[in-house]
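Each value in this text was obtained by applying a stated rule to the coordinates, not by laboratory testing. Since the model is a prediction, treat every value here as computed from it, not as a measurement. Note that each Cβ is placed from the backbone with ideal geometry, even for glycine, and that neighbours are counted across all protein chains shown.
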Amino acid sequence: MNAFTRGLVPMLLMVLVACAGCAMSGGGALGTVDFSKVVPGKTTRDEVRAMLGAPARAHQYRAEAGETWEYPYYGNYERRIFWVEFSAGKVVSRTDDTSDFYAGKYKGW
């Protein structure tokens, strides 16, 4: 092996290990078992963040509600989104689990 090859092999191994770590810690790790722990009227915003991590997207969805968080994940053969709505008091007011209608064969994610 020449010097270039000896330097390239360890670098490629580091890239593969890093990519494997990203794949295991990504949004695909979440599922319905995790989401069932979120209880409307009881679970707080801080508890949701501790259980599920940071949301993929946070926004104001309804005028009367507080913040809404989105957690995309891969369900049974389809891409889905778990929605968590918070009241003004930072407690879960509503959850929903829907198909990700914006995900498609050529739309990424």
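Shown in residue order for the stretch 50-57 are the 3J(HN,Hα) couplings computed by the Karplus curve 6.51 cos²θ - 1.76 cosθ + 1.60 at θ = phi - 60°: 5, 7, 10, x, 5, x, 5, 8 Hz (x for Gly and Pro). 3J(HN,Hα) along the stretch 74-85: 9, x, 6, 6, 8, 7, 9, 10, 9, 9, 10, 9 Hz, from the Karplus curve 6.51 cos²θ - 1.76 cosθ + 1.60 with θ = phi - 60°, whole Hz, x for Gly and Pro. Label sites at Arg49 and Ser36, each approximated as a point 7 angstrom past Cα along Cα to Cβ, lie 2.7 nm apart. Close amide H partners of Glu67, meaning residues 5 or more places away or on another chain with modelled amide H under 5 Å apart, are Phe86. Taking amide H positions as modeled 1.01 Å from N, with prolines and chain starts lacking one, the residues under 5 Å from Thr43 and 5 or more places away or on another chain are Val92. Shape of the stretch 31-99 from its Cα gyration tensor (a ≥ b ≥ c, root eigenvalues): rounded if a/c is under 1.5, otherwise prolate when a/b > b/c, or oblate? Prolate is the answer for the stretch 31-99, as a/c is 1.5 or above and a/b outweighs b/c. Counted residue by residue at 0.36 nm each, then reduced by the alpha carbon distance between them, the extension gain from Asp97 to Ala58 reaches 12.5 nm.
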